[in-house]
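Asker: First, the structure itself, so that you have it in front of you.
What follows is calculated from the coordinates using simple rules that are stated; it is not laboratory data. On a predicted model such as this, the values are computed, not experimentally measured, just so you know. As a convention, Cβ positions derive from the backbone with ideal geometry for all residues, glycine included, and neighbour counts pool all protein chains shown.
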Amino acid sequence: MQKALYRTPLTWFTAATVAITTLASSNEGLAQSATPKAPAPSAGRAAQKPRTPEDAVTPAVKDPHRHAKFLERIKQGDIDLLFLGDSITDGWPRSGERSWLKFAAYKPANFGIGGDRTEHLLWRITNGELDGIRPKLAVVMIGTNNIGHFADEKPEWAANGVKKILDTIHAKLPETKVLLLGVFPRGTSDSPQRKAVEEINRIIANFADGKITRYLDIGKSFLDKDGNLPADVMPDKLHPNAKGYDIWYQAMHPVLDEMMR
């Protein structure tokens, strides 16, 4: 009996020790779970791996939600004029509403998405954005984000992405004409990105045949006499404002109107 009584306090002590240890371990786990973890790499950060020539010509999904909206627009029909591009194209109906409304008679659709590079537009047009429509004309401008997001992107890689986009459009829409626009100037007149844009345009100008595909570079229309992008045209030296979109419309409209006829 005494032996049993002797063991009971020890048993209590052992149990208490285990309980305290378990509680400490539990609290430590709670503390660890409460400690903010380092954020997972964002898409932008993940994309900063070294670029390769294949990246610009390999379809890559980026914004499936916007893509789904474009597919819904296709179901509505009545698309004779199709715009394909990035944020510069995407912003026209909002930032340049006055000039955008002038396209109404052409039955336009704007399939531009901010931040898109050539590989993103490739994914979109190979996954439904050219299906079920027969536009008379597609206006294409893409490539500025290739060299804007990556310091190691070579202009010829971006240009190859543009070429694959044109080939895809012609394969899916053989009766649709294409107006390929030179990438708009960006940055300062002596910036590396400005020079990279000029090199992209030098290459893609050769993709036009003057018939089914025409090339138009209106970049100089945005520049002042010193080659600068005025703040009242492109405040951030990349995206046009309302005045910038008016310039775009005026410079492009004669060619667009001719091709639509």
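Asker: From the Cα trace of the range 52-260, what convex hull volume per residue do you get, rounded to a whole Å³? Kindly include the intermediate steps, with their values, before the conclusion.
Answerer: Values: hull volume 22.6 nm³, N = 209.
It is 108 Å³ per residue.
Asker: So, one more: What is the local net charge at P53, summed over the other residues whose Cβ is closer than 10 Å to its Cβ (Lys, Arg +1; Asp, Glu -1)?
Answerer: Details: positive: R51, K154; negative: E54, D55, E153, E156.
Local net charge: -2.
Asker: Using the Cβ atoms and a cut-off under 10 Å, what net charge is assigned to the surroundings of A109, where Lys and Arg are +1 and Asp and Glu are -1?
Answerer: It works out to a net charge of -1.
Asker: Residue by residue, what Karplus-based ³J(HN,Hα) values in Hz, rounded to whole numbers, does the range 126-133 have, using 6.51, -1.76 and 1.60 with θ = phi - 60° and x for Gly and Pro?
Answerer: For the range 126-133, the Karplus-derived couplings read 9, 10, x, 6, 10, 9, x, 10 Hz, x marking Gly and Pro.
Asker: A further question on this structure: Quick one: grab the alpha carbon gyration tensor of the range 133-252, order the square roots of its eigenvalues as a ≥ b ≥ c, and give me rounded if a/c is under 1.5, else prolate or oblate depending on whether a/b is larger than b/c.
Answerer: Cα axes put the range 133-252 in the oblate bin.
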